[in-house]
Structure formats: structure tokens, C-alpha cells
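Heads up, the thing below is written out as C-alpha cells.
The values are calculated or read from the model by the stated rules, or taken from the named source; none is laboratory data. Remember, it's a predicted structure, so these values are computed and weren't measured experimentally. Cβ placement follows ideal geometry from the backbone for every residue including glycine, while neighbour counts extend to all protein chains displayed.
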There are 2 protein chains.
Amino acid sequence: MSTPEKAPTRRKRMPRAQRERQMIEVAEAVFAERGYAAASMDEIAERVGVSKPMLYEYFNSKEGLLLACIREARAELRHVTEQAVVGAAGAEDAMRAGLRAFFRFIRDRKQAWSLVRHEITLVGTSAAEEIEATRQQQTDLIATLMSGYFDDSDTVRVQAAAEFVVGGCERLAIWCERYDELTPEAVTEYAMDLLWGGLQRLTSR
Amino acid sequence: MSTPEKAPTRRKRMPRAQRERQMIEVAEAVFAERGYAAASMDEIAERVGVSKPMLYEYFNSKEGLLLACIREARAELRHVTEQAVVGAAGAEDAMRAGLRAFFRFIRDRKQAWSLVRHEITLVGTSAAEEIEATRQQQTDLIATLMSGYFDDSDTVRVQAAAEFVVGGCERLAIWCERYDELTPEAVTEYAMDLLWGGLQRLTSR
DNA sequence: GAAGTAACCTACTGCTGGTAAGGTGGACTC
DNA sequence: GAGTCCACCTTACCAGCAGTAGGTTACTTC
């Protein structure tokens, strides 16, 4: 009636940072599971155990939430690859270590990876440039690794090569999901063969 | 009132096939312009000069419409590359011709290309497998072109190489949109350098 | 324990994908 | 040239989801 009995709304309050992490975690799962379009903010809110306006309080929009998830995933990916590269001796070794870290990430964090693939849905929004910038960092890292093998003056060519490598590896990552007997190490060797040969050809001209 | 004056509903009737083409054409433009999520069926219908239920009559759903657009674009892309490859003499020449056709397509049919990039939004739907199959045809074509350079027994490796090339070129295509002074021919040479070196390394092991 | 604030909720709006049910006009028969 | 058929097309609606207004509750601080 007009006096609804007070349901024991056992609310758990949480510090902001912690809530945010939790929301991103759940959203990542839901987006990966249903796809961006089919995922509903109501469902995400419910799974978090929080009401919808909270999501908007934290992320402003559905796109904002997706962006936060992608940002998180990309940061994680960037961290593991950089970590791997730093410990390596020599350019070839660094390349191999970076690739291995990448393909391991793909295997271990399937959800995060599938999210990154959805970044296309953000083109045309205000988030587009941030996404593009993050992606640029990734190719720049590769370009740095390779730059020793190029004439320094030809920066456009180095960029092109880096883009090619990134695209090739991303596609390879999608492809090898279908073969679970394919270890990250094996795929790394495939990639090394393909791209290292290309680099050597370029340096010998 | 209850007797709405007959607005001169200047309807143009059209044979089914022609309407369908027209719808796909408009939808391609709208999807490319706004992105899939932001595009509205109402707007597409209005631009075609037809009512919304007609779109559903023809394509069943928004996803169906997107699928039809992508199918069309991919068919077009496949046609131009195959055409280019057929006329070539020798494997290297065929590869180069195919790449050139691809990068020209990207330049001339920007809309179609941007649509193909949105195919990720269809994963998890019934259309997913058709998309995957179409894509497979593309890599198979590449794999065939390259197979002369591999030990026949190692088909997995050939597949991996083909995937790598496709991914690399796709990323290169996105990248070179930012540089309008970059001709398709120039980008083709970048790609040839990168992938041909890789192939030669593989054959020399 | 009163005041203040950060976290949270209920209850709504408007838009868009999708549908039901019916109108209309060209083509074909006779 | 009147009747009939059917493909084409429409208006008018529903359900569900992104996004919001405004009030409530628990925790901290003094």
C-alpha cells in the first residue's frame, strides 16, 4: 500500500575506487559475453548489485563504461609487453619476448581481448581520439623496437612496418583461438619468422 | 480529422531487386556515417523514401541489414582482387596486383570498407558464421597464392602466414587513410617488402 | 549526537528496434 | 473494361533500454 514494509535493503557501501573496479570487472564480462549492443546497463547494474544510476554516476554513459573497460584492458596489455621487453637482451630477443607476452595475454585474458576488438563501436564518439592515442602507443613501442633496423630518415616506412606487424599479430591472435593445441610460444615463432624476414629484407636494400 | 485529406502520397513502386539495392546503398552510407549503434532504422527508411516496415520486410532486422551491406562490400572487394590476380604472371606479380587492387578499393570505396570493419558487432548473432566464412575465403585466396612458397605438408603454417598478411594489410589500410599523399601503389610496395621478405625467410629454412 | 556528505535508491521519460493489421494500385484474366 | 489477385506500402502501435530527477541512507567528523 502506501506504506510499503521496509524491505531490509542490505546495502553494502563501498569506497569509490573499489566500486569502480568492481563495475569495470562485471561490465567487461557482460560486454564480452553478449557483445556491446546486446549488453544492457540494467543487467550490468544488477550483477554488480547496484542500481543503474550508479553506473551513470561513475561513467556517464554506456560508451563511457565501454571506454573505461577498454582503457583498463589496453593498459594491462601494455604493461605485460613492456615488462617483457625491458628484460630482454638485443632487438630480436626483445621482439620475441614482446610477442610472447602478447599471445599469452590473449590466451589468459580472453575477455579483455574480446573487448579491445569492440573499440570500433566507439568511432564517431568523443572517446575515439583517446582510443586512437592508446593504440598509437602500442605501435610506437613496436616502431622503437624496429627502428634500429631502418634508415632513421624514413620514419613513415617504420610506422608502416609497425602497423603491419600489429595488424598481423592481432589477426593471428583471433585465428589461433580456434586451435587450442597452439601454444603462445608456437604462434610467437610463426610471427617472428614472418616479420623478421621482412625486416631483414628492408635493411638489405 | 477522421477523414484525413488524401495527401498525394507520391509512391514510386519498384521491383524488389532494385529496391533492395537502393536500401543497401543508403544503409551503407548511414552506417558508415553514424556508426552501427547510432544509426537508426527510421532515418534509413526516410532517406530511402520508404517506411520502416519495408526494411524489415526485406532484411528482418537491423543486424540483417548490416549483414547484407557487409556481404555486398565483401563480394565487391573479392571480385576486384580476384580479377587482378587472374591477369598476373607469376606468384610475386599476382601478389602485388592483388594488394594494389585491395588498397585501391580502400581508397575508392571508403564507405564500404568502414562497414567491413563493423562486422565485429555481429559476433554472437546468427550472422556470425556467414561473416567468418566470407572472411575465410579471403585468407584462402592469399594462402593459395603463397602455397608455392611453403612445404605443402605444413598447412597450418600457410594459414598462419595468410592470416598475418590479411591482418597486416587491413591495419595498413586503416593507417594510410591519414596520409592522403600516400598512393595505393606506394602502400602496396611497403606491404610487398614486408611480406615477401618473410616468405623468403620461410622458404630458406 | 548533530551536521555534513558521499554513496545509493525509486520512479520516471523519450527514443528506437520491431510488429500488427490494413490500404492501394498495377497487372492479368475474361 | 470490370473483377480479382498479390506484391508493395502505410499508419499506428508495443516493449525494452539508455539516460535522468530528486529523494534517502549510512558513514564520518566534531
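Filter the stretch A:42-80 down to the residues that are acidic (Asp, Glu) and in contact with a helix residue (DSSP H, G or I) (Cβ under 8 Å, 6 or more places away or on another chain) and list them by number.
Those that are acidic (Asp, Glu) and in contact with a helix residue (DSSP H, G or I) (Cβ under 8 Å, 6 or more places away or on another chain): A:Asp42, A:Glu43, A:Glu63, A:Glu72, A:Glu76.
Does A:Ala17 satisfy the condition of being surrounded by fewer than 17 Cβ atoms within 10 Å (Cβ to Cβ), over 20 Å from B:Ile120 (Cβ atoms) and outside the structural domain of A:Thr134 (by TED's automatic domain parsing)? Lay out the reasoning, then the answer.
Values: surrounded by fewer than 17 Cβ atoms within 10 Å (Cβ to Cβ): yes; over 20 Å from B:Ile120 (Cβ atoms): yes; outside the structural domain of A:Thr134 (by TED's automatic domain parsing): yes.
So A:Ala17 passes the test.
Identify, from the list B:Val26, B:Val80, the residue that is assigned by TED's automatic domain parsing to the domain that holds B:Ala101, free of Cβ contacts under 8 Å to residues at least 60 places away in the same chain and not small (Gly, Ala, Ser). Explain how you work it out, then say what you get.
Numbers: B:Val26 fails: assigned by TED's automatic domain parsing to the domain that holds B:Ala101.
One residue alone meets the criteria, B:Val80.
Show the residue pairs meeting these rules: Cβ distance below 9 Å; 6+ apart or different chains; first residue within the stretch B:55-67 and under 13 Å from B:Tyr36 (Cα atoms); second residue of a type in the set (Asp, Glu) and at pLDDT below 95.
B:Leu66/B:Glu119; B:Leu67/B:Glu119; B:Leu67/B:Glu130
Checking the conditions here, which among B:Arg100, B:Arg171, B:Arg104, B:Arg96 is of a type in the set (Lys, Arg) and within 10 Å of chain A (Cβ to nearest Cβ)? Working first, answer last.
Working: B:Arg100 fails: within 10 Å of chain A (Cβ to nearest Cβ); B:Arg104 fails: within 10 Å of chain A (Cβ to nearest Cβ); B:Arg96 fails: within 10 Å of chain A (Cβ to nearest Cβ).
The unique qualifying residue is B:Arg171.
Just to verify a result, which residue in the stretch B:104-147, among those that are acidic (Asp, Glu) and surrounded by fewer than 19 Cβ atoms within 10 Å (Cβ to Cβ), is nearest to B:Ala161 (Cα to Cα)? Write out each step before concluding.
Just the residues of the stretch B:104-147 that are acidic (Asp, Glu), to begin with: B:108, B:119, B:129-130, B:132, B:140.
Now narrow it down to the ones that are surrounded by fewer than 19 Cβ atoms within 10 Å (Cβ to Cβ): B:108, B:129-130, B:132, B:140.
On the way: B:Asp108: 27, B:Glu129: 22, B:Glu130: 23, B:Glu132: 18, B:Asp140: 11 Å.
So, considering only residues that are acidic (Asp, Glu) and surrounded by fewer than 19 Cβ atoms within 10 Å (Cβ to Cβ), the one nearest to B:Ala161 (Cα to Cα) is B:Asp140.
Any residue in the stretch B:82-89 that is more than 16 Å from DNA strand D (Cβ to nearest atom), buried (at least 16 other Cβ atoms within 10 Å of the Cβ) and at pLDDT below 95?
Filtering the stretch B:82-89 down to residues more than 16 Å from DNA strand D (Cβ to nearest atom) leaves B:82-89.
Of the ones still in play, those that are also buried (at least 16 other Cβ atoms within 10 Å of the Cβ) are B:84-85.
Restricting the remaining residues to those that are at pLDDT below 95 gives B:84-85.
Checked against the condition, which is being more than 16 Å from DNA strand D (Cβ to nearest atom), buried (at least 16 other Cβ atoms within 10 Å of the Cβ) and at pLDDT below 95, the stretch B:82-89 yields at least one hit.
Need a quick list: helices (runs of 4 or more DSSP H) entirely within the stretch B:10-61 having at least 1 residues that are within 9 Å of DNA strand C (Cβ to nearest atom).
Working: elements: B:16-34, B:41-48, B:52-59.
Answer list for the stretch B:10-61: B:41-48, B:52-59.
Looking only at the stretch A:32-47, count every residue that is away from chain B (no Cβ under 11 Å) and either surrounded by 19 or more Cβ atoms within 10 Å (Cβ to Cβ) or closer than 15 Å to A:Val116 by Cα (or both) and tell me the total.
Narrowing the stretch A:32-47 to residues away from chain B (no Cβ under 11 Å): A:40-47.
Keeping just the survivors that are either surrounded by 19 or more Cβ atoms within 10 Å (Cβ to Cβ) or closer than 15 Å to A:Val116 by Cα (or both) gives A:44-45.
Matching residues across the stretch A:32-47 total 2.
Evaluate the stretch A:65-78: report whether one residue or more is surrounded by 15 or more Cβ atoms within 10 Å (Cβ to Cβ) and within 20 Å of A:Leu182 (Cβ to Cβ).
The answer is yes, given that some residue of the stretch A:65-78 is surrounded by 15 or more Cβ atoms within 10 Å (Cβ to Cβ) and within 20 Å of A:Leu182 (Cβ to Cβ).
Which of the residues that make up the stretch B:71-122 are part of a helix (DSSP H, G or I) and among the small types (Gly, Ala, Ser)?
Going residue by residue through the stretch B:71-122, those that are part of a helix (DSSP H, G or I) are B:71-86, B:91-108, B:110-122.
B:Ala73, B:Ala75, B:Ala84, B:Ala91, B:Ala94, B:Ala97, B:Gly98, B:Ala101, B:Ala112, B:Ser114, listed by residue number.
For B:Arg100, which of the numbered conditions (1) away from DNA strand D (no atom under 16 Å from the Cβ); (2) touching a Ser or Thr at 6+ places or on another chain (Cβ under 7 Å); (3) under 17 Å from B:Glu25 (Cα atoms) fails to hold?
All conditions pass for B:Arg100, except number (3).
Results for (1) at pLDDT below 90; (2) out of contact with any Gly (no Cβ under 6 Å at 6 or more places or on another chain); (3) of a type in the set (A, V, I, L, M), shown as yes or no for each residue.
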site	(1), (2), (3)
B:Ser126	yes, yes, no
B:Arg157	yes, yes, no
B:Ala161	yes, yes, yes
B:Gly168	no, no, no
B:Arg171	no, no, no
B:Arg178	yes, yes, no
B:Val187	no, yes, yes
B:Gly197	yes, no, no
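When you scan the stretch A:48-71, how many residues do you find that are away from chain B (no Cβ under 14 Å), farther than 19 Å from A:Ala112 by Cα and near DNA strand D (Cβ under 10 Å from one of its atoms)? Break it down stepwise before answering.
As a first pass, look at the stretch A:48-71 and keep what is away from chain B (no Cβ under 14 Å): A:48-60, A:68-69, A:71.
So of that shortlist, the ones also farther than 19 Å from A:Ala112 by Cα come out as A:49-58, A:60.
Subsequent filtering for residues that are near DNA strand D (Cβ under 10 Å from one of its atoms) retains A:51-57, A:60.
Summing the residues that are away from chain B (no Cβ under 14 Å), farther than 19 Å from A:Ala112 by Cα and near DNA strand D (Cβ under 10 Å from one of its atoms) in the stretch A:48-71 gives 8.
Do the conditions hold for A:Ile131, that is, is it within 23 Å of A:Tyr190 (Cβ to Cβ) and β-branched (Val, Ile, Thr)? I'd like the intermediate steps shown before the answer.
Working: within 23 Å of A:Tyr190 (Cβ to Cβ): no; β-branched (Val, Ile, Thr): yes.
No.
Listed here are the residues, each with its yes/no results for (1) among the acidic types (Asp, Glu); (2) more than 8 Å from chain A (Cβ to nearest Cβ).
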residue	(1), (2)
B:Ala112	no, yes
B:Gly124	no, no
B:Leu141	no, yes
B:Arg157	no, no
B:Glu177	yes, yes
